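Each remark here refers to the structure printed beneath this line.
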Amino acid sequence: MSPAPDVQTRLLLLRHGEVTWDRTADGEPSLSDTGLATVEATAATLPRFDHIAASPSRPAQETAETLALVRGVAAWSYDDLDEIRTATPPGDAGAYAAWLDRLFESFDSPGDGESVSDGGTRLAAVLRRIGDRFYGRTILVVSHPVILLAFRHREVQAPLVRGHVDTMPDLAMATVDYLDGRFYIVRDFPVRWMAPQWSR
């Protein structure tokens, strides 16, 4: 009798939908009208999944709630799925761009909050908890661009630069298998993986 095959857990890592900074609450943008419509339209095209795990931040929650409603699945909120943490949340598009600039200038050393590398480690830890909780199932994980790319950077040990965030489309998705405590990227994010530009 042959041994039973290993059971894997599949994680579908999804960036939240398009936001608008015109409607913010507690410094967090909401989904734009276009973003909400795109999430609704995209719901039917996503692969099968059993549950949704989402960041508690507003754009991720709105994305997850919309997908849960359309697909008829349960959604859970996980605090550690939030974006790279900063002492002062950006309250508009300009502040967000400035925060990104500062973040990538101090990639491994926190300036006014968490570093990119620390964020990637935090996301890996919560994804393990989710993978263990939902063993053998497929979970859609809704989060934010920088933290998702920080996790990807951690796993593949490849350069990560600000331009990767800028070229990451709304609702970009990667497929990751979780097996025996390890992650395996099956399908990468649709991002232009440019080489970093080193200054002289």
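Since every read-out is calculated from the coordinates, none of them should be taken as a lab result. This is a predicted model, so every value here is computed, not measured. Virtual Cβ from ideal backbone geometry, glycine too; neighbours counted across all protein chains shown.
Annotations for the structure displayed:
- Candidate values [x] 1.10; [y] 1.04; [z] 0.97, label of the one derived for Rg/Rh (Cα atoms, Kirkwood Rh): [z]
- By average C-beta atoms within 10 angstrom, highest first, the peptides 132-140, 18-26: 132-140, 18-26
- Distance (nanometres) between label positions extended 7 Å along Cα→Cβ at Arg128 and Arg187: 2.7
- Of all DSSP beta bridges in the chain, antiparallel share, percent nearest 5: 55
- Shape category assigned to the stretch 10-89 from the gyration tensor of Cα positions, a/c cut at 1.5: oblate
- Label sites at Asp26 and Arg48, each approximated as a point 7 angstrom past Cα along Cα to Cβ, lie 3.7 nm apart.
- Mean separation of Cα contacts under 8 Å (6+ apart) over length of the stretch 1-152, as relative contact order %: 35
- If R0 is 22 Å, the Cβ-Cβ spacing of Arg71 and Tyr135 corresponds to a FRET efficiency of close to 0.60.
- Percent of C-alpha pairs per 10 Å bin in the stretch 58-130, short distances first: 17, 39, 31, 12, 1.
- Two-site FRET efficiency, Arg102 against Ala158, from Cβ-Cβ distance with R₀ of 22 Å, rounded to 0.05: 0.50
- Rel. contact order, % - alpha carbon contacts under 8 angstrom, at least six apart, the stretch 89-200: 19
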